[in-house]
Amino acid sequence: GIQVEQSPPDLILQEGANSTLRCNFSDSVNNLQWFHQNPWGQLINLFYIPSGTKQNGRLSATTVATERYSLLYISSSQTTDSGVYFCAVELAGGGNKLTFGTGTQLKVEL
Amino acid sequence: DGGITQSPKYLFRKEGQNVTLSCEQNLNHDAMYWYRQDPGQGLRLIYYSQIVNDFQKGDIAEGYSVSREKKESFPLTVTSAQKNPTAFYLCASSGTSVSQETQYFGPGTRLLVL
């Protein structure tokens, strides 16, 4: 099956710092989503981004489908950004079934 | 408010017992999904349903069963055949099962074995 690898696995930032999270995938995909899982377990959609670039406030994401990777940028990080960030992909022809990466655990400190 | 609700928030299971996790959505979504998350891991698909009265196995369906009698409801039963049920269970829905639909998640149920 498709492999989804995220890096780094863990990241500690000082409040106000910027960061880049990466998601590599091993096959062509129809769909790629970024999620944030808060400390209570709730998954929140950040971006639906099978290709191109999108921005939402301090967050932005870029997917280069031809090179099979996606990047999530967090600027001016805040303590509320802490949690786990997942990318999830839908294999081409996969019928909207998502395969998740193992996540990046982010901790933002004061 | 529109959304997905899961209950209970915590559930304890005794050895040999079947337990059922509830998932309800009022988003008028056709497709619903169940995922399992183990500590430090990503989510894995257990079952999914594209339409009422129809469902398919995901990657880790053994030891689980589901039903989809109503559009808004997709309960998951963890049977005694599931030997390692302790995990965080998340339900999701999407507008359709057609490709490229955003999935939205409920708050989850934590299942612990006594």
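The values are calculated or read from the model by the stated rules, or taken from the named source; none is laboratory data. Keep in mind the model is a prediction, meaning the values are calculated, not measured. Here the Cβ is made from the backbone with ideal geometry for all residues, glycine too, and neighbour counts use every protein chain on show.
Points to keep in mind about this one:
- Among the residues listed as B:Q50, B:Q25, the single one being within 12 Å of chain A (Cβ to nearest Cβ) and out of contact with any Pro (no Cβ under 9 Å at 6 or more places or on another chain): B:Q50
- For A:L46, the criteria (1) within 11 Å of chain B (Cβ to nearest Cβ); (2) out of contact with any His (no Cβ under 6 Å at 6 or more places or on another chain) hold in every case but one, which is (2).
- Residue list for the stretch A:37-79, filter: in contact with a helix residue (DSSP H, G or I) (Cβ under 8 Å, 6 or more places away or on another chain) and in contact (Cβ under 8 Å) with a residue 24 or more places away in the chain: A:I74
- The stretch B:49-76, subset assigned to a strand (DSSP E or B) and either among the small types (G, A, S) or touching a Gly at 6+ places or on another chain (Cβ under 6 Å) (or both), residue farthest from B:A31 (Cα to Cα): B:S65
- Positions within the stretch A:25-53 being polar (S, T, N, Q) and touching a Cys at 6+ places or on another chain (Cβ under 9 Å), in sequence order: A:Q33
- Scanning the stretch B:1-44 for residues that are out of contact with any strand residue (DSSP E or B) (no Cβ under 6 Å at 6 or more places or on another chain) and not in a loop (DSSP other than H, G, I, E, B) yields a count of 0.
- Tallying residues that are of a type in the set (V, I, T) and either within 11 Å of the chain's Cα centre (by Cα) or within 14 Å of chain B (Cβ to nearest Cβ) (or both) within the stretch A:62-75 yields 3.
- Of the residues making up the stretch B:58-73, just one is touching a strand residue (DSSP E or B) at 6+ places or on another chain (Cβ under 7 Å), among the charged types (D, E, K, R) and in contact (Cβ under 8 Å) with a residue 40 or more places away in the chain, namely B:E72.
Per-residue answers, yes or no, for (1) surrounded by fewer than 20 Cβ atoms within 10 Å (Cβ to Cβ); (2) away from every other protein chain (no Cβ under 14 Å); (3) at pLDDT 90 or above:
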| site | (1), (2), (3) |
| --- | --- |
| B:F12 | yes, yes, yes |
| B:T20 | yes, yes, yes |
| B:Q37 | no, no, yes |
| B:G40 | yes, no, no |
| B:L43 | no, no, yes |
| B:G63 | yes, yes, yes |
| B:F74 | no, yes, yes |
| B:F105 | no, no, yes |
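- Within the stretch A:76-101, the set of residues being at pLDDT 90 or above, closer than 20 Å to A:V64 by Cα and either out of contact with any Asp or Glu (no Cβ under 8 Å at 6 or more places or on another chain) or more than 9 Å from chain B (Cβ to nearest Cβ) (or both) comprises A:Y85, A:F86, A:C87, A:A88, A:V89, A:F100.
- B:S22 polar (S, T, N, Q) and under 10 Å from the mean Cα position of the chain (by Cα): yes
- Strands (runs of 3 or more DSSP E) wholly inside the stretch A:1-62 that include at least 1 residues being touching a Gly at 6+ places or on another chain (Cβ under 9 Å) and crowded, with 17+ Cβ neighbours inside 10 Å: A:4-7, A:19-25, A:29-37, A:43-48
- Test: residue in the stretch B:77-88 that is part of a strand (DSSP E or B) and more than 14 Å from every other protein chain (Cβ to nearest Cβ): yes
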